[in-house]
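A quick write-up on the structure given underneath.
The values are calculated or read from the model by the stated rules, or taken from the named source; none is laboratory data. All of these numbers come straight from a predicted model, not from anything done at the bench. All Cβ positions, even for glycine, are placed from backbone atoms using ideal geometry, and neighbour counts span all protein chains on display. To get the accessible areas, we keep the full protein, side chains included, count just its heavy atoms, and leave off ligands, DNA and RNA. Shrake-Rupley method; radii C 1.70, N 1.55, O 1.52, S 1.80 Å.
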Amino acid sequence: PERLVLALDLIVRIASGILDNSANEKVRRVKRGGAAFQKVEVFDSLVHLLEAGGFVLLVEEGEPVVRFPTQASLHLLGELRAMAAQTSRRLKPPVDAAPAAALANRELKVFCKASNGLDAARFTVPDSYFALSGADMKGLAGGAKKEEMLMTKAMREHVKPKFKFALLRVRFPDGMVLQGKFRPDELASALHEWVRGCVSAPERHFYLSTMPPVTRATEPPNASKTLSELALVPAALLNFFWTDGINDVGPFLAASLAHTAQELRSEALPVQVGGARDSSAAGRG
């Protein structure tokens, strides 16, 4: 099984390279004689699988190669990658440490929408939960530089942070919702890596999109921006999409997290005592 897993993971990487950069001719060609591809070559069934996915075996300039032609179907290649990834995951021993750590660090929750439950896009969080306390503000004031203390009151009100945390939700195509708590100064790339540690296929490329306005929050140049800069504070909902466009086949969340899902009802939310930004993601970005 270990050798088969290595071979399947290589197929996933080859397919991902083509899907992510299909215009690059180099990623469409793999040397059959290379040490890496020999991991696949020893399994006749995997070679036949590649051929079924659109690859052709041929000889170029006296060298045996595997090539994915420009006229071959990228959609079919995406299905091939998904099949290889799913088979590889089934063969690997379960690892629950990463989701457990994420649950502890982010106050992670998983929701599934009840038939008469709430829309994941319509949620508010109490201002008292996010606003800086008096002790926090006193600490900020005590550590301020001399020139900052010379600011007018209006200037200080403009620049001071207003929230300690951001409550973010990620909605998956199957209706599951992932929720976690972040600091406003964290980068969108941190959100992306957290979600990667929670999905069933972390080797696949994905992005998170908000709407309105449509923003691919976890792709360059936004990935290097803070959550505050992307207007995801104090609360926002983002939609999850696989980059290859195959978003109608689940599961999306790791099984160990999906099993913790609770119905999305009003009692699962903080009690509203003030307004918060209501960000809905109603479509694909």
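Brief remarks on what is shown
- For THR260 and LYS31, a Förster radius of 51 Å and the Cβ-Cβ distance give a FRET efficiency of 0.70, rounded to the nearest 0.05.
- Whole-number accessible area per residue in Å² for the stretch 215-254, which is evaluated in the context of all protein chains at 1.4 Å: 38
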